[in-house]
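Each reported figure results from applying straightforward, stated rules to the coordinates on display, with no laboratory input. These numbers come from a predicted model, not from an experiment. Heads up, the Cβs are rebuilt from the backbone with ideal geometry, glycines too, and the neighbour counts pull from every protein chain shown.
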Amino acid sequence: MSIVGVDRVPLGYYRTKAETERIVQGSGLPWTVQRATQFHDLVAQFTTMQRRVPFTFVPAGVRFQPIDVRDVALRLVELAAREPSGHVDDIGGPEVLGAVDLAQRTLRREGGGRVVPVRIPGRIFGAYRAGGNLAPQHRYGRRTYDAYLDERFGPPGSA
């Protein structure tokens, strides 16, 4: 079983998720936990929330494996139809892409802008740079980030 983010990236939000999992595990009830990498819209939001400034700052050396919420929903339906399985293998989207590349793709669809990679020090971003948020051995789903952008902004050149 691979472990995504919650155990490898020392982010407070992830620690809370791990604690919630421990509570469920200790409840005495049957359970299944499915962890997934970041959703497409969260990855896009890292870029779009900066659109009012002339530059988009992106963590250098960080990669994401964005996954579609519908793909995760389908996986959860599969799991709900089975017996409780404990921790199942983590899932990630069909491609692993650099944060700079993701920001550039998003900005091209939004009308341009300049991406500035910034190396952010510390344990949290060190864990991201080490791939603690990825599950490349468990690619799941078919909807790529570009397909997400097509749906959100229209195909390239359609504006």
Estimated vicinal HN-Hα couplings, Hz - the range 55-65 in sequence order (Karplus 6.51, -1.76, 1.60; Gly, Pro = x):
10, 10, 8, 10, x, 5, x, 9, 10, 10, 10
State the antiparallel share, in %, of DSSP beta bridges confined to the range 12-150, rounding to the nearest 5.
15 percent
Going fewest to most other Cβ atoms within 10 Å around each Cβ, T47, T144, T16 line up as T16, T144, T47
With each label point set 7 Å from Cα along the Cα-Cβ vector, what nm distance links D89 and V69?
2.7 nm
When the helix-only estimate is applied to the chain (DSSP H runs of n ≥ 4, each -39,500 (n - 2.57), divided by the residue count), what is the mean residue ellipticity at 222 nm, nearest 500 deg cm²/dmol?
-12000 deg cm²/dmol
Sorted by chain and then number, the residues having a modelled amide H within less than 5 Å of the amide H of I91, at least 5 places away or on another chain, are R35, A36, T37
Give the order of S85, S27 when sorted by the count of other beta carbons within 10 angstrom, beginning with the fewest.
S27, S85
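Quick one: length gained pulling L42 to R142 fully straight, 0.36 nm per residue minus the C-alpha distance?
Numbers: separation 100, 0.36 × 100 = 36.00 nm, distance 1.77 nm.
Additional length available on full extension: 34.2 nm.
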Compare I67, I23, I120 in a GNM of the chain, Cα atoms joined below 10 Å, and give the one with the largest fluctuation.
I23
Largest fluctuation, V53, V115, V33 only, Gaussian network model of the chain with Cα springs under 10 angstrom, belongs to V53
Highest GNM mean-square fluctuation, the chain, Cα pairs closer than 10 Å: which of A80, A103, A135?
A80
FRET efficiency estimate (nearest 0.05) - Cβ-Cβ, R22 to A60, R0 30 angstrom:
0.35
